[in-house]
1. Consider Ala63 carefully, then state whether it is among the small types (Gly, Ala, Ser) and under 23 Å from Asp32 (Cβ atoms).
Amino acid sequence: MYNEKVLEHFKDPHNVGTMDGPDGFAEVGSSDCGDTMEFWVLLDGPRILRTSFTTDGCQTSAACGAMAAHLSQDKSLGEMRRLRPIDVLEALGLAEDEAATEAHHCADLALNTLARALGEYEKALKAKEEGARGCSGSCEGGCCENCEEACDQRASGRAPRRILVMSGKGGVGKSTVAVNLAMGFASRGLAT
């Protein structure tokens, strides 16, 4: 059922285990199979220095986690955003395999978890930069230019809001839902 490369990454996964002092961490569970995956990332600016993961999932989940961690080494955040589940499956030699369809959700879980860990790093970095500029995000004592618009919206009673449309897999209509929401709000005269 599993090819040699998947078994190799399952039996001796690289970058497995927790990490002390990571720049980002995420834990994601899959609704498809019930597997859970965790990723830790350590970065030097925009480049990933080290990645580690754990999973309670099947052999394919472990192999996909190990391969995603391996593929992330010395990559930039931009390069990681372009990585797709099929890239993980191809690296494992599964893209042409019948098991690729079943394994796709494991590769998707690995990349989603890794992306969230990197997102946590970016969020912390942004907060640190805003703190360095003295941006408190509140209107006490005035606003800096970076948060002036948000402060104006809060003062006028129009708090900025975001709607997140997401799914654990592709091809389920996220873009369609997002477009329909935007058109519905616009038809009611609500600004984005």
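1. When the stated conditions are applied, Ala63 passes them.
Residue by residue, here is whether (1) open to solvent by 70 Å² or more (accessible area, probe 1.4 Å); (2) at pLDDT 80 or above; (3) outside any helix (DSSP H, G or I); (4) closer than 22 Å to Thr113 by Cβ holds:
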{"position": "Arg154", "(1), (2), (3), (4)": "yes, no, no, no"}
{"position": "Leu164", "(1), (2), (3), (4)": "yes, yes, yes, yes"}
{"position": "Gly168", "(1), (2), (3), (4)": "no, yes, yes, yes"}
{"position": "Gly171", "(1), (2), (3), (4)": "yes, yes, yes, yes"}
{"position": "Ala186", "(1), (2), (3), (4)": "no, no, no, no"}
{"position": "Ala191", "(1), (2), (3), (4)": "yes, no, yes, no"}
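The values are calculated or read from the model by the stated rules, or taken from the named source; none is laboratory data. The structure displayed is predicted, hence computed values, not measured ones. Cβ coordinates were reconstructed from backbone atoms using ideal geometry, including for glycine residues, and neighbour counts include every protein chain displayed. The area values use the complete protein model at the heavy-atom level, side chains included, leaving out ligands, DNA and RNA. Shrake-Rupley method; radii C 1.70, N 1.55, O 1.52, S 1.80 Å.
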